[in-house]
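The values are calculated or read from the model by the stated rules, or taken from the named source; none is laboratory data. Because the structure is a prediction, the values reported are computed rather than measured. Note that we place each Cβ from the backbone using ideal geometry, even for glycine, and neighbour counts take in every protein chain shown.
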Amino acid sequence: MRHESLSESELDDETIARLGRYATGTASAEEALAVERWIAAEPGRREVVEQMAAVWQRSSERPNAIGAAEFDVERARLAVKQKIRWRRPKPSPWSQFAAAAAVVLLAAGGWWMAHPPRAGAGDRPEWIAEHHTGRGELRTVVLGDGTRVTLAPGSALRQARFGRTRDVDLTGKAYFQVTHDPAHPFVVHAGPVETRVLGTTFSVTARPGEPGEVVLRSGRVAVTATSAKKITRAILDPGQRAIGTADGSLELGDTDVARELAWTNGQLAFAGAPLADVVRELGHWYGLSVAVTDSSLSHRRVTGAFPLDSSTTVIRALAALVDARVVQRGDSILLERRSRL
Amino acid sequence: MTLHAPRPLGASDASQAEWVARVRAGDEAAFGAMFAAYYQPLCRFALNVVGTADAAEDMVQNVFVAIWERRSELEIRQTLRVYLYTAVRNRAVMEVRKSRTRERLRRLHFFGGFFGESGSVSPAEAPLAQAELADAIEAAIAALPPRGQQAYRLHRDHGLTYDEVAQVMGISAKTVSVHIGRALLTLRKSLGQYLAPVIGLIVLR
């Protein structure tokens, strides 16, 4: 039974401090005596103090009180190394030529002054590393700055030497968890779509022949779609998706991020997606050609989540869902409408 | 049952001083060890002030980068622990002042749900299971007023002494004990009845 008798406002700071030290085991002998006397003076006080001590004791049993599970030390170590390297003043081998070069450039019409070089604009980053995934292979790589990239099957990631910006090039699909460093923007080049990272976790899809897609989970990204005729730029908020086409336009909308990123956990999730889209996604995943022959079938909507184990299981499950037949023709898989008997 | 004051995190005062000396001399292994010992707790501490894990990690990483870059002039008059927590806290406070949205409130509200209306708790039929109790305590701590919460966490979780907490927070040791006493009174009000009774109380230093 709880006693309401002890009102904190009745107590002065000195008493509160003493009770605290008593309950936490740091009271001196005299303080402890004073507290015992105080407790004895009124019923209900002992229970209060005992509960304070119990809370103190039990609160040491919280498993994640100092972030053991939350923060990745190794990843952070890499990030710190990278930050230290960036800030070290680089001894310039060109310093003796700099004065002469400046003269030459100015003589060439002051072009550099009028058009200061923008990182990534037309510069060809020097690719120093490449990662590939094969069919059905899901892999996470950690870049030199600690950024984690989870590659979907059939994807390729190229990484440039990280300098003022951190550039990577993507074909396929990947989920990025970017190490936070606003001084050195992380840029993903994916066909006509460039994503510049202001915050951290998002996915990019860039398959040849299909519109590029960026889904933002947390943080902020700036997405740019470029064509010869048009450049469109937008800043995404968490939960948004941008679809960029080769003609340089961007389409923004809200999306269910958990569903869009289910693949990072080995599942594909759909909510009312046309069968044609589902089948194309599965095709990418397994490196197969999967098609739907019947137009009435291809418009059927699919809702559900498929754990991505064997392609046969998944395709059969999908076929059963839409009441279709699976036919193998050469190395293509077709879903056909069941003929009515 | 004896109730001990929490054991300080990381190393003893002597080995902390040794780490500082070695880092000053450019010993990378010592720097790495220092980083490994303090990174996660400092991030957790920063997280409680700034509210987002990214900002917290960035901040703590920058503190270590700055230490390494200025290692030859490194002068730490207090314990290394106090130096680190103070450095992180200063940056965190500046960061919170700069940012317009108070992300920290978001985290507090997330935990508030456990208690329904602030403060009122439905009577429990039986003590909570271990995991639920840990969550309940964490929720109650997260609902404490900010400075009291910070003092409580630094002493309870990070193992800083009253004096060290006082140095990090820029207040007197007496104020620290008032914060902690008040925190315990509040915590006991919301959680007391969930706890099995503590038999006996031996608290002499």
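Using the structure shown, decide if A:A222 is touching a helix residue (DSSP H, G or I) at 6+ places or on another chain (Cβ under 8 Å), assigned to a strand (DSSP E or B), surrounded by fewer than 19 Cβ atoms within 10 Å (Cβ to Cβ) and of a type in the set (A, V, I, L, M). The answer is no for A:A222. Residues of the stretch A:39-62 that are exposed (fewer than 15 other Cβ atoms within 10 Å of the Cβ), acidic (D, E) and either touching a Lys or Arg at 6+ places or on another chain (Cβ under 9 Å) or within 15 Å of A:L11 (Cα to Cα) (or both): A:E42 alone. Has the stretch B:160-173 got at least one residue that is more than 24 Å from B:D13 (Cα to Cα) and not in a helix (DSSP H, G or I)? No.
Residues that are among the hydroxyl-bearing types (S, T, Y) number at least 2 in the following strands (runs of 3 or more DSSP E) confined to the stretch A:128-215: A:166-177, A:201-206. In the stretch B:11-46, the qualifying residues are those that are within 23 Å of B:R147 (Cβ to Cβ) and touching a residue at least 24 places away in the same chain (Cβ under 8 Å), and the one that is surrounded by the fewest Cβ atoms within 10 Å (Cβ to Cβ) is B:R44.
Selection within the stretch B:61-72: residues that are more than 8 Å from every other protein chain (Cβ to nearest Cβ) and either within 19 Å of A:G67 (Cβ to Cβ) or among the charged types (D, E, K, R) (or both). The member of this set that is surrounded by the most Cβ atoms within 10 Å (Cβ to Cβ) is B:V63. When the stretch A:9-38 is filtered for residues that are at the interface with chain B (Cβ under 7 Å from one of its Cβ atoms), surrounded by fewer than 17 Cβ atoms within 10 Å (Cβ to Cβ) and under 9 Å from B:G181 (Cβ atoms), only A:D13 remains.
I want to confirm something. Restricting to the stretch A:125-137 and keeping residues that are of a type outside the set (G, A, S) and at pLDDT below 85, which single residue is surrounded by the most Cβ atoms within 10 Å (Cβ to Cβ)? Checking each candidate, the answer is A:P125. Regarding B:A173, is this residue at pLDDT 90 or above and of a type outside the set (S, T, Y)? Judged against the criteria, B:A173 is a match.
Scanning the stretch A:71-84 for residues that are at the interface with another protein chain (Cβ under 7 Å from one of its Cβ atoms) and either surrounded by fewer than 17 Cβ atoms within 10 Å (Cβ to Cβ) or among the aliphatic types (A, V, I, L, M) (or both) yields A:V73, A:A76, A:A79, A:V80, A:I84.
Among the criteria (1) modelled with pLDDT of 85 or more; (2) of a type in the set (D, E, K, R); (3) over 23 Å from the mean Cα position of the chain (by Cα), the one A:D256 does not fulfil is (3). Do the conditions hold for A:L216, that is, is it at pLDDT below 85, under 16 Å from the mean Cα position of the chain (by Cα) and under 26 Å from A:I231 (Cβ atoms)? So A:L216 fails the test. If you take just the strands (runs of 3 or more DSSP E) that sit entirely in the stretch A:241-341, which of them hold at least 3 residues that are in contact with a strand residue (DSSP E or B) (Cβ under 9 Å, 6 or more places away or on another chain) and surrounded by fewer than 16 Cβ atoms within 10 Å (Cβ to Cβ)? Output list reads A:250-254, A:267-274, A:301-307, A:324-329.
Considering A:V197, A:V215, A:V178, the condition of being more than 20 Å from A:S249 (Cα to Cα) and either crowded, with 18+ Cβ neighbours inside 10 Å or touching a Lys or Arg at 6+ places or on another chain (Cβ under 9 Å) (or both) is satisfied by A:V178 alone.
Would you mind stating whether A:S295 is in contact (Cβ under 8 Å) with a residue 12 or more places away in the chain and more than 26 Å from A:L216 (Cβ to Cβ)? Considered against the rule, which asks whether it is in contact (Cβ under 8 Å) with a residue 12 or more places away in the chain and more than 26 Å from A:L216 (Cβ to Cβ), A:S295 comes out as no.
For the stretch B:130-150, taking the residues that are more than 10 Å from chain A (Cβ to nearest Cβ) and outside any loop (DSSP other than H, G, I, E, B), the one that is modelled with the lowest pLDDT is identified as B:E132.
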